[in-house]
Amino acid sequence: MDILITGILLGATYSLIAMGLTLQYGVARIMNLANGEMLVAGAFGAFWVFTSQHLSPYAAAVFVVPAAFLLNWVIYRVLMRPLVRRAKNRGMLEVDTILATFGLSFVFVGVMLLAFGGNFFTYSYLAEPYVVFGSPFGQNRLVASAAAALLCGLLYWGIHRTRPGMAIRAVAVDPTAAGLVAINVPQVSAFAFALGGAVTAAGGIALSSFLTMDASIGVVFTMKALIIVIMGGVGDVRGAMIASLILGLAETAVASLIDPGLTLAAAYLLFVLVLLLRPEGLFGRRSS
């Protein structure tokens, strides 16, 4: 039971990272390898608010989330949009954006190292235990998971129950056809990319409340987000949420039953199995 609950709590928090990359890759068609650095930036914001301003780390969302949205909007319009316009096909676009965002990730790491240094950072927030089904769990994990579940629920509702959400889903399915029905594809893509960055930064705030981080750890979260997105099916929000829970349960089981040092290896093994057995993802459609 402890493994199950811990895995669900971890997976719920991972879902924010995956939702961000799902919007950026599934809708805007940008494979953003700097996604993890945006998460770390959000974590740094929460750390600064808690240690310097003596406020709840979640108060950082007031400026971190809008700043991340604006920054990602600018990145898309200035850096990504020219690549989208010149790409002759989706394969060329993926190669170009992978190279561009790979370099961008190093820029982000350098800026964060300059601003915050290279030391690991952590803080104690709601670290007291709370008993669930007879077992103690950190209140910080419970709050982070509840916040993640709430935000993912709002995103799912917004994408499936509103007109802007309908436009996002249309662009995710077929941007060419979406343009034929008067949807402004560049504008929707920029919005989806910016929203994905904001959601990822929010995930950094939640994760920072119980994980130790440093400026260069973003690549680990980028890989986990990629694993979840591919596992759940590119562009499928429901698949991303369920795949997040599966990854959280797998990592927790391996850490508890075998060795904590093998959690990343377990994630990669799960990734390889999905690629071999169901490359379109758990909820993706097989190409005809």
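The values are calculated or read from the model by the stated rules, or taken from the named source; none is laboratory data. If you're wondering where the values come from, they're calculated on a predicted model, not measured in any experiment. Here the Cβ is made from the backbone with ideal geometry for all residues, glycine too, and neighbour counts use every protein chain on show.
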| query | Residues Val84, Val78, Val62, Val49: which one is crowded, with 17+ Cβ neighbours inside 10 Å and free of Cβ contacts under 8 Å to residues at least 60 places away in the same chain? | reply | Val49
| Only one residue in Leu114, Leu93, Leu104 is among the aliphatic types (A, V, I, L, M), modelled with pLDDT of 85 or more and surrounded by 15 or more Cβ atoms within 10 Å (Cβ to Cβ). Which one? | Leu104
| remark: Note on Gly36: of the conditions (1) within 22 Å of Asn184 (Cβ to Cβ); (2) crowded, with 17+ Cβ neighbours inside 10 Å, unmet is (1)
| request: Return the pairs, sorted by first residue and then second, in which the second residue is of a type in the set (Asp, Glu) and outside any helix (DSSP H, G or I), the first residue lies in segment 148-174 and is within 16 Å of Phe191 (Cβ to Cβ), the beta carbons are less than 8 Å apart, and the residues are 6+ apart or on different chains. | output: none
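This table checks each residue for (1) assigned to a helix (DSSP H, G or I); (2) under 22 Å from His160 (Cα atoms).
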site: Ser189; (1), (2): yes, yes
site: Ala194; (1), (2): yes, yes
site: Ala198; (1), (2): yes, yes
site: Ala206; (1), (2): yes, no
site: Phe210; (1), (2): no, no
site: Val219; (1), (2): yes, no
site: Thr222; (1), (2): yes, no
site: Gly239; (1), (2): yes, yes
site: Ala253; (1), (2): yes, no
| field | Filter result for Val49 (in contact with a helix residue (DSSP H, G or I) (Cβ under 7 Å, 6 or more places away or on another chain) and either aliphatic (A, V, I, L, M) or not in a helix (DSSP H, G or I) (or both)) | value | yes
